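To keep things clear, I will list the structure first and then write my remarks on it.
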Amino acid sequence: MPKLKFLTGLVVFTFTFVVSIYLVPDRVSEHRAVPDRTIEQVSVHENNVAVDMDVLNCAGDDHECLIDKYTREIELNPSDDAAYCSRGLEYHTVNRFEDALADYSKAIRLNSRESVYYFDRGLVHDDLAKPEQAISDYTKAIRLDPKDKDPLINRGILYDDRGEYDRAIADYTRAIGIDPTDSDLFYNRAYSYNNAKLYSKAIQDYSKAIELSPDDSDAYFNRADTYFSMGDYKRSILDYSRVIELDPADAQAYKNRSDNYLKIGEKEKAAADLAKFDELNAK
């Protein structure tokens, strides 16, 4: 089974900046997992009202303190849409989803032209397994800021989940037009091509993802899976071997390589890989 990368964002408002953190998960399943790297992107938000200075007295992981500080800011200035968004972020972080939705919705009522508010509310709907609402919010974010790749990515993931591969591919293609250097975009589009059984196109995109990120074991793993689906077992073996080079503890790569060896009659190698798979799983 191929793996899909998820790029999720959380927006923090502090003074005149919006900080978006995009998380890419470990390759343990095709859905969300523990992030293994973060990318930070900063952009100017000109109309933001400065949040109370003493918010800086809270530790970054003291979410209850931050909630209290933003609540005080809102009491002082009930029309501060950025403060509602920032408090919504903190509520989301501690899994108070309904409170987060209420704050993001309030921020949108105060300022309906800010795309990140819709994007962040979409993330909450995503976490609540409400894809229709999430898609609606991502779509609004895209209309407000067509050059932001992140709502396109997340909407593409939801379309793929629903089996709407053409729509997913279209969203990833638009995102690639915005940032053709992002290997994860080619990776996700390849994933949708593979699901649509457009294997040659999936191979092309996984290969591009590998070109842009040569040590990404996920891309090798999924390209190997696609080669297997095409009956190209020797190329599949080469890619699973590269996965094992990059991550010798990847049990599933041994199991999948074993399946390929069986297909070409290499029974001893298949047995050795299967034994390694059992050994790693027993740990």
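(1) over 30 Å from ASP148 (Cβ atoms); (2) in contact with a helix residue (DSSP H, G or I) (Cβ under 6 Å, 6 or more places away or on another chain); (3) not β-branched (Val, Ile, Thr): which one isn't true of SER217, the others all being true?
With respect to (1) over 30 Å from ASP148 (Cβ atoms); (2) in contact with a helix residue (DSSP H, G or I) (Cβ under 6 Å, 6 or more places away or on another chain); (3) not β-branched (Val, Ile, Thr), SER217 is out only on (1).
One line per residue, one yes/no per condition, for (1) over 30 Å from PHE186 (Cα atoms); (2) touching a Gly at 6+ places or on another chain (Cβ under 9 Å):
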residue	(1), (2)
ASP62	yes, no
ASP68	yes, no
ASN77	yes, no
LEU89	no, no
TYR117	no, yes
ARG121	no, yes
ALA134	no, yes
ASP137	no, yes
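Which of the residues that make up the stretch 110-161 are in contact (Cβ under 8 Å) with a residue 24 or more places away in the chain and acidic (Asp, Glu)?
Within the stretch 110-161, GLU114, ASP120, ASP126, ASP127, ASP145, ASP148, ASP150, ASP160, ASP161 meet the criteria.
Residue by residue, here is whether (1) within 20 Å of TYR84 (Cα to Cα); (2) in contact with a Pro (Cβ under 8 Å, 6 or more places away or on another chain) holds:
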site: TYR117; (1), (2): yes, no
site: GLY122; (1), (2): yes, yes
site: ASP126; (1), (2): yes, no
site: PRO131; (1), (2): no, no
site: ILE135; (1), (2): no, no
site: ARG143; (1), (2): no, no
site: ASN154; (1), (2): no, no
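Taking the stretch 68-118, which residues are touching a Lys or Arg at 6+ places or on another chain (Cβ under 6 Å) and of a type outside the set (Asp, Glu)?
Matches in the stretch 68-118: TYR70, TYR84, TYR104, TYR118.
Free of Cβ contacts under 8 Å to residues at least 12 places away in the same chain and over 26 Å from the mean Cα position of the chain (by Cα): does that describe ALA271?
Against the criterion (free of Cβ contacts under 8 Å to residues at least 12 places away in the same chain and over 26 Å from the mean Cα position of the chain (by Cα)), ALA271 does not qualify.
Taking ARG143 as the residue in question, decide whether it is of a type in the set (Lys, Arg) and under 17 Å from the mean Cα position of the chain (by Cα).
no
State all residues of the stretch 151-173 that are buried (at least 18 other Cβ atoms within 10 Å of the Cβ) and either within 18 Å of ALA209 (Cβ to Cβ) or among the basic types (Lys, Arg) (or both); if no residue qualifies, say none.
Those that are buried (at least 18 other Cβ atoms within 10 Å of the Cβ) and either within 18 Å of ALA209 (Cβ to Cβ) or among the basic types (Lys, Arg) (or both): LEU152, ILE153, ARG155, GLY156, ILE157, ASP160, TYR165, ALA168, ILE169, ASP171, TYR172.
Select from the stretch 109-125 the residues that are closer than 16 Å to LEU152 by Cβ and either in contact with an Asp or Glu (Cβ under 7 Å, 6 or more places away or on another chain) or among the basic types (Lys, Arg) (or both) and list them in ascending order.
Hits for the stretch 109-125 are SER115, TYR118, PHE119, GLY122.
Residues of the stretch 75-120 being among the acidic types (Asp, Glu) and assigned to a helix (DSSP H, G or I), which ones?
Those that are among the acidic types (Asp, Glu) and assigned to a helix (DSSP H, G or I): GLU75, ASP81, GLU90, GLU98, ASP99, ASP103, ASP120.
Would you say ALA107 is touching a helix residue (DSSP H, G or I) at 6+ places or on another chain (Cβ under 7 Å), farther than 23 Å from THR71 by Cα and buried (at least 18 other Cβ atoms within 10 Å of the Cβ)?
It is false that ALA107 is touching a helix residue (DSSP H, G or I) at 6+ places or on another chain (Cβ under 7 Å), farther than 23 Å from THR71 by Cα and buried (at least 18 other Cβ atoms within 10 Å of the Cβ).
Out of TYR172, TYR187, which single residue is within 15 Å of the chain's Cα centre (by Cα), of a type in the set (Phe, Trp, Tyr) and closer than 20 Å to VAL116 by Cα?
Just one listed residue meets the conditions, TYR172.
Taken together, the values in this text are just the output of simple stated rules run on the coordinates, not laboratory data. These figures come from a predicted structure and were not determined experimentally. In this analysis, Cβ positions are derived from the backbone assuming ideal geometry, glycine residues included, and neighbour counts consider all displayed protein chains.
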